[in-house]
1. May I ask you to list the residues in region 27-51 that are at pLDDT below 80 and either open to solvent by 50 Å² or more (accessible area, probe 1.4 Å) or of a type in the set (Ser, Thr, Tyr) (or both)?
2. Give region 129-154 a look and list any residue that's open to solvent by 10 Å² or more (accessible area, probe 1.4 Å) and not hydrophobic (A, V, I, L, M, F, W, C), or say none.
3. If only one of PHE157, PHE71 is touching a helix residue (DSSP H, G or I) at 6+ places or on another chain (Cβ under 6 Å), open to solvent by less than 10 Å² (accessible area, probe 1.4 Å) and under 27 Å from GLY457 (Cα atoms), which one is it?
4. Is it the case, given these coordinates, that GLY457 is surrounded by fewer than 19 Cβ atoms within 10 Å (Cβ to Cβ) and either out of contact with any Pro (no Cβ under 8 Å at 6 or more places or on another chain) or at pLDDT 85 or above (or both)?
5. I'd like to check something: does region 373-380 contain any residue that is over 29 Å from ARG327 (Cα atoms) and buried (at least 18 other Cβ atoms within 10 Å of the Cβ)?
6. For region 386-439, give me each residue that is under 20 Å from PRO494 (Cα atoms) and of a type outside the set (A, V, I, L, M, F, W, C).
7. Pairs needed: first member in region 332-354, of a type in the set (A, V, I, L, M); second member anywhere, not in a helix (DSSP H, G or I); C-beta distance under 9 Å; at least 6 residues apart or different chains.
Amino acid sequence: LYGNINCSHNLTGTNSADQENPGLIQDLPSLSLEETIEKILGDFGWSQFIQAILVAILGFFDAQQTFINIFADADPKWHCNFNTTCNPSSNICQLPKGAWSWDESSHKTIISEWGLECASSFITGLPASSFFVGNLIGGFSLATLGDFYFGRKNLLFLSCLIMCFASLITAFSKNIWMYSSLRLISGFGRASITTCTLILLSERVGKKWRGQIGTMTFILFSLGLLCLPAVAYLNKGSSWKFLYLWTSIPAILYCIIAYFFVYESPRWLFTEGRDIEAKATLRKLASIEGNSLDSYLSSIHLGQETSKLNPYKLMKDLFKRRWALQRIIATMLFGFGIGLVYFGLLFGVRNLGFNIYLGVILNASMLIPTNLVTLFFIARWRRKGSLLALCVISGICSIICGVVGSGTEGIRIGFELASFFCAALAYNVMMIFVVELFPTSVRNSATTLVRQAVVFGSVFDPVLTSAGKRSKFLSFGTFGLTIFLCSFIVIILPETRGKNLCNTMDEQERMDHKIV
């Protein structure tokens, strides 16, 4: 059956003739494991849709924990206490303590509760930076677990629980150091959520629906971000601690319940030699029924195409093969540029002079059309061309936003939103592109490394946005130049639209050579 493995056949489902006459299945040409899975999962069914929803919801909680610092660590507004030495334009750090007061409760944010209004930008930005540093540490620590020991499902829910439990404990922080340490642990757990979600969604459907179903991760992520300002506004008169409680407790309860209903990736189960479990999962997810399904399942030979190799050997193989090394370096550089802009623009909203709730809502609202555009057009778009165009436009708009002078806030926010729209859309396409570039045996590891590059870019954003208070070009200009220059790296990568997902490095190499 597996004598001639070929990833490049365009099989997207079983036709009506196959279902009407099961005997025809026996006369089909020899199919590889991937082609057989494609036959079984090629048409999108209700079981696949429900499973996709269950997994994608985790992106909702991921977004809230990623950007919660925008509100919990914000600088509250203050007013003068009828003192002649005070005026609204005064430097609060040069005024006597009794000359001014906070507009709202001193417990609203960590700045007012712990008296950090005159602390350095390093101290006030430490919690947000700690979260992203935790992302980096967690990504490198957990990168191989999804491909080998834990699998997609177990790593996904473990990561989410670590993130949310750390967030829950964060509400009981006593000082900035404890707070930052817990944010680092939360970021550590969060590192694998997006990667595992995207891969688990993509590996349980056929290639016809891979791009569309992958966008569900981004749709739920954007909804989570869009709901965060509403939760923060409802918490407006209360302590920042309640914001952590309201966002972490529902996430913990959901993870515990949903874990028992989510299926593991059948593709990963096959690579681990767990054929019986893989077949059972395929039967639950199948978009075909009856004799056709039985025939395809019975054609899979137990023990075929497994990848029982040492994980570090496979990781070494990822960097040893020239084509794989070229892809991983190029996508990581590209991811760095997108990460710097994507997160930087969101954190930089506070420097635009807008209401912080309205600013975040406007940016979060841009994610809805980006996800809809991705959903409906990803199957038609060539990955390389779309990424190049989106990044160039995003860079130009961000640079313009940085050079536009004061008094033109409307123009500035317009270009900022345009830049964020293109960067967010490029991020969606890039993550789907990365999934398609690497085989199942190293897909989770490779995707995690690219995600780490995205996070590494975001580590610099608190410093750049702090510098942006003095000069907008130091932040928005840097964002624009970086993504503009990084965009041209995509030229050296192969096009992947419409190609089958391969299982092993050798299989991927054979397919690439055949295409060439």
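The values are calculated or read from the model by the stated rules, or taken from the named source; none is laboratory data. A quick note: this is a predicted structure, and the numbers were derived from the prediction, not measured. A quick note on method: Cβ atoms are made from the backbone with ideal geometry, for glycine too, and the neighbour counts reach across all protein chains shown. Ligands, DNA and RNA are excluded from the accessible area calculation, which covers all protein heavy atoms including side chains. Shrake-Rupley method; radii C 1.70, N 1.55, O 1.52, S 1.80 Å.
1. Within region 27-51, ASP27, LEU28, PRO29, SER30, SER32, THR36, ASP43, PHE44 meet the criteria.
2. First pass over region 129-154, keeping only residues open to solvent by 10 Å² or more (accessible area, probe 1.4 Å): 129-130, 133, 136-137, 140-142, 144-145, 148-150, 153-154.
Once the filter is applied, which keeps residues that are open to solvent by 10 Å² or more (accessible area, probe 1.4 Å) and not hydrophobic (A, V, I, L, M, F, W, C), region 129-154 yields SER129, SER130, SER141, THR144, TYR149, LYS153, ASN154.
3. Working: PHE71 fails: open to solvent by less than 10 Å² (accessible area, probe 1.4 Å).
Criteria check complete, one pass: PHE157.
4. On the way: surrounded by fewer than 19 Cβ atoms within 10 Å (Cβ to Cβ): no; either out of contact with any Pro (no Cβ under 8 Å at 6 or more places or on another chain) or at pLDDT 85 or above (or both): yes.
For GLY457, the condition - surrounded by fewer than 19 Cβ atoms within 10 Å (Cβ to Cβ) and either out of contact with any Pro (no Cβ under 8 Å at 6 or more places or on another chain) or at pLDDT 85 or above (or both) - is not met.
5. Here is the first cut: in region 373-380, the residues over 29 Å from ARG327 (Cα atoms) are none.
No: region 373-380 contains no residue that is over 29 Å from ARG327 (Cα atoms) and buried (at least 18 other Cβ atoms within 10 Å of the Cβ).
6. SER386, TYR427, ASN428, GLU436, PRO439
7. Qualifying pairs under 9 Å: LEU340/PHE460.
Quick grid of which residues meet (1) modelled with pLDDT under 90; (2) more than 21 Å from LYS208 (Cβ to Cβ):
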site	(1), (2)
ILE53	no, no
GLY59	no, yes
GLN64	no, yes
CYS80	yes, yes
THR85	yes, yes
PRO96	yes, yes
